[in-house]
Amino acid sequence: MTTVDYAAAPKKRKRGPRGRHRYAPHKHRLGPVTVAKHCLTLCGRNLLHLKSNPGEIMGFAVVQPLMMIALLVYVFGGAISGDTGTYLQFALPGLIVQSSVFAVLATGSGLNQDITNGVFDRLRSLPIARIAPLVGHMLGTLVRVATGLVTLLIIGALQGFKVKTGIPQAAGGLLLALVFGSGLAWLSMLVGLVSRSAATVYLFSGVLLFPLTFGSNVYVQTTTMPGWLQAWADVNPVSHATTALRALVSGGPLGDSVWLTLAWTAGMTLVFAPLAIRAYRRQV
């Protein structure tokens, strides 16, 4: 149940501590179905601006995947695996997970800009669930991320990547990468809510990206790394998500990678979601 204040609702007169009168608005309790509708409506609001900005869609869904494959696979593939086709088969699942991490870590900067520009102040005056702007912002981000992940897989397939399992397993792998990204999104939103500027959020995202992506098995096998770096890469949640996605789209041993990825996601959500919601309530 969520409490929402109606700005235009009748106000109840109360007596202050020194005998002065003050006004307090009535509280209205919203059911979970209504809260869900409000969240989905604001998710649509976050996606609506894409209709008037098709360049953003092309950049995120087409240009970025092409650049990732061209720069990483065709530049380093021959040196690492001997030929680009073999390296594409190895690297593309990791690039999909990396793309999810890149996109969700940018959630905080967008949230910070909305708060700074007064968007959330305008939404606060509406008769909607108080948590709806925050959840709607994250859902809108996840929809864009899902579009980018599917496009990256399609472009990889056009370049020669082969899904060796099946469509249900591949779809499950993409969903797992998206779910994993949702856990990191809460961390990014927390940073966006407590930071004074979007530049700070960008700086934090850049610092966090390097140990998460480069210190993992996205680009190379962890057995080629020094012992101290291999120890980190073996427990890195990005490594678990990449291993799970490789097994789901290319076959091979799955092990506990799916459960470890879900455990990391649940842990990040349980830790960072309450902190982000608390920081959000302080902001608005």
Worksheet item: Distance in nm between label sites at D83 and T165, each 7 Å beyond Cα in the beta-carbon direction?
Response: 2.5 nm
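Among 139-148, 230-239, how do they line up from the highest to the lowest mean number of other beta-carbon atoms within 10 Å? Don't skip to the end; give the middle numbers.
Working: 139-148: 19.9, 230-239: 17.7.
Ranking, from highest mean packing down: 139-148, 230-239.
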Practice prompt. Calculate, for D256 and F214, the FRET efficiency according to 1/(1 + (r/R0)^6) with r their C-beta to C-beta distance and R0 41 Å; round to the nearest 0.05.
Written response: 0.95
Fill in: Per-peptide average of other Cβ atoms within 10 Å, ordering 88-96, 166-174 highest first
88-96, 166-174
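Treat the count of other C-beta atoms within 10 Å as a stand-in for reagent exposure and order R281, R196, R45 from fewest to most.
Details: R281 12, R196 9, R45 16.
With the sparsest Cβ surroundings first, the list reads R196, R281, R45.
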Worksheet item: What's the exposure ranking of Y87, Y202, going from fewest to most Cβ atoms within 10 Å?
Response: Y202, Y87
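Only the coordinates and a few stated rules stand behind these numbers; no lab work does. Everything numeric here is computed off the predicted structure, so don't read it as measured data. For neighbour counting, all protein chains shown are included, and Cβ atoms are generated from backbone atoms with ideal geometry for every residue, glycine included.
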